[in-house]
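Participant: Got a structure for you, written out below as structure tokens; questions coming shortly.
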Amino acid sequence: MKNVFSAYVTLIVAAAGIFLLGETNASEVVTLEPPSLPKPYKNRFSHGKVVPANAEWLYTAGQTGRDVDGRIGDNIEEQADLAMRNLHNIVKEAGMDSANVIKMTIYYIDPAHLPIIVAARNRHFGADFRPASTAVGISALANPKYLVEVELVAARIPAD
């Protein structure tokens, strides 16, 4: 069912991209910045991405502020850095890089932590990193010690 939903969402996004851009290039990801929407806040994200049908996809599990030994970071700075480092390492393991990241979702406990989380994101993925992005304030994560959890979706267009 999830694959059917993902295919449906991909089709809708692709159709929206074609409508907004006239046409898309089947060999590259297209960033959507419709003039009918406000500019992304501080240019930190993109409103949408259109990915060609032939792309290879990477979906990550949510990553928290745990190190390789399972130790949870002591504070938001450490947890945000560990979560972003873990995600970056997954992307690298898949043979991809920051440019391949299409969507990032950040779940955080305290709104005051968001600038710290974004700073960690920029350290690991680059200051010009602009995926489609959502940040969600929530009351709790799976472990009460977790302060942040982040997941992402990446796509790579195979070379011809």
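Readers should treat all values here as calculations from the given coordinates under stated rules, not as data from a laboratory. All values derive from a computational prediction rather than experimental measurement. Positions of Cβ are backbone-derived with ideal geometry, glycine not excepted, and every protein chain shown enters the neighbour counts.
Participant: Between the alpha-carbon centers of region 37-92 and region 100-149, tell me the distance in whole angstrom.
Facilitator: When both Cα centres are located, 7 Å separates them.
Participant: Could you give the size of the charge dipole of region 83-160 about its Cα centre, using +1 on the Cβ of each K and R and -1 on the Cβ of each D and E, expressed in debye and rounded to the nearest 20? Let's see the in-between values first.
Facilitator: Working: 8 positive and 7 negative charges, 25 e Å.
Value, rounded to 20: 120 debye.
Participant: Also, quick follow-up: Arranged by the count of other C-beta atoms within 10 angstrom, fewest first, what order do D110, D69 take? Please list the in-between numbers first.
Facilitator: On the way: D110 11, D69 5.
Going from least to most buried by this count: D69, D110.
Participant: Is the C-alpha gyration tensor of region 42-138 telling us rounded, prolate or oblate? Criteria: a/c under 1.5 is rounded; beyond that, a/b larger than b/c is prolate, otherwise oblate. Each step should come with its number before you reach the end.
Facilitator: Working: a/c = 1.98, a/b = 1.34, b/c = 1.48.
Because a/c hits 1.5 or more and a/b fails to exceed b/c, region 42-138 counts as oblate.
Participant: Non-local amide H neighbours of I102 (under 5 Å, H modeled in plane, Pro and chain starts lacking H): which ones?
Facilitator: Under 5 Å from the amide H of I102 lie the amide H atoms of V153, A154, A155, each far enough along the sequence or on another chain.
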